[in-house]
Amino acid sequence: MNATFRRDVFFSFFMFTADLRPQDSRYTQILIDHLKALTDMGYDGFDLHIASQSATVDHQLEVESYVGLKKAFDEAGLKETKFTTNVGTTRTFDPTSPYEEQRRQALSYLKSRVDITRVLGGDSIMSGPFLYPYGVFPVTDANEPIWSDALQDWMKSRYHAARSVFEDLAAYAAAQEVKLAIEPVKSWETPPPNMVSEVLDFLDGLEHSQGGVTIDTAQVVMESQGPSIFKDNVARAARQDRLYYVHISAPDRGAVQDSWIPWDIILNEIEPVYRGPYLIEVFNAIPPFDSSMRMARRRFWRPGEDDPAPNGDSAYDVAMAALEELREQITLSARVRSDPSHLTATHAGDA
């Protein structure tokens with residue numbers, strides 16, 4: 001592949017919020033200010049989390065609220081801005097449920113998220129842990145947690161129950177020109193799928209060929225089985241044309257610059273076979289992440305929302321440094337692939 005390919009880099013709004021509050025015009029202006037500042041830095045697009053609402057909320061009204069949000073973005077000069085979405089399923093909207101009515105509710109919910117993705121981003125990507133409900137750990141009738149072999153066996157029936165939901169959803173998303181990218185998330189956050197291979201195995205069992213996987217560097221470092229299996233999984237996803245999205249995120253979910261991201265493994269395996277956008281994903285110490293992810297580190301203060309922290313980094317500083325780091329790593333990866341002696345020379349210069 002051409003090493004000069006210009007890679008799109010997106011930024012996750014998990015730095016700022018987990019709820020866009022599309023009907024709040026005051027907050028919409030804050031979002032617009034962030035979008036403009038990050039676009040000026042050089043970001044090509046953004047990933048927006050679509051918060052779940054009560055089961056009593058009409059999904060069509062939700063979609064219409066995002067139509068209004070997109071209109072506000074367009075009128076603010078952001079019409080050409082690219083968007084992807086982050087979506088999770090919930091205990092209420094559970095496509096793996098053994099109950100047919102609940103699966104129908106989950107399908108309606110997920111279709112509405114496809115519609116929102118289409119509204120915001122057009123030909124775009126809906127990513128996230130939207131197979132099994134995020135963070136809903138199963139228990140026995142005696143209220144005992146289910147782990148290990150028992151959990152893996154328990155998940156078999158859940159995967160089977162979700163098949164028809166995802167076959168319908170995949171067909172619907174394809175008609176809307178939206179890519180579905182299921183993200184495996186580490187086991188201390190949520191039950192399976194925790195591995196890239198588990199997502200690919202599920203997708204292999206579907207009759208509809210649509211559907212793909214998100215690879216997140218933080219999840220890979222903390223959950224995957226090692227470099228050789230990771231290499232095989234990347235190759236498998238690429239061979240099946242299922243590598244839809246790649247998230248660049250530090251293991252502590254903080255600043256990307258000077259983090260423990262294994263750049264050599266990530267970029268040497270992914271960069272040659274992937275042509276979608278990279279998403280820089282930083283989870284800020286804001287609700288609900290501060291408690292749900294047990295964050296002890298200080299918040300990156302958000303311009304226009306928080307008081308400046310004299311001795312702390314701003315969200316914009318962290319975003320700029322992350323973009324520079326990723327661009328530098330992509331360039332280095334291309335040079336090394338074209339001339340492996342460059343890596344030796346670089347290391348010698350560092351010494």
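The values are calculated or read from the model by the stated rules, or taken from the named source; none is laboratory data. What you are looking at is a predicted structure, and each value in this text was computed from that prediction instead of being measured. Reconstructed Cβ throughout: ideal geometry from the backbone, glycine too, with neighbour counts over all protein chains shown. Surface accessibility is based on the protein's heavy atoms, side chains included, excluding ligands, DNA and RNA. Shrake-Rupley method; radii C 1.70, N 1.55, O 1.52, S 1.80 Å.
Structural remarks
- Counting lysine pairs in segment 38-133 that sit 8 or more residues apart in sequence, or on different chains, and whose Cα atoms lie under 16 Å apart gives 4.
- Accessible area in square angstrom per residue, segment 30-162, 1.4 angstrom probe: 46
- Measuring nothing but protein heavy atoms, the accessible surface of the chain at 1.4 Å probe radius is 49 percent carbon and sulfur.
- Quarter of the Cα convex hull surface for the chain, i.e. its orientation-mean projected area (nm²): 19.1
- Rounded to 0.05, the FRET efficiency of the R21 and Q240 pair, given R0 = 41 Å and the Cβ-Cβ distance, is 0.65.
- Sorted largest first by accessible area at a 1.4 angstrom probe radius, with every protein chain in place, the residues V114, V273 fall in the order V273, V114.
- Once each of the GluC sites (Glu not before Pro) sitting in a DSSP loop with at most 16 other beta-carbon atoms within 10 Å is removed, the chain keeps 208-304 as its longest stretch.
- Sites excluded, chymotrypsin sites (Phe, Trp or Tyr not before Pro) in DSSP loops with at most 15 other C-beta within 10 Å, longest stretch of the chain: 6-98
- Straight-line cross-link reach from K156 at under 20 Å between alpha-carbon atoms covers these lysines, not counting any fewer than eight positions away in the same chain: K186.
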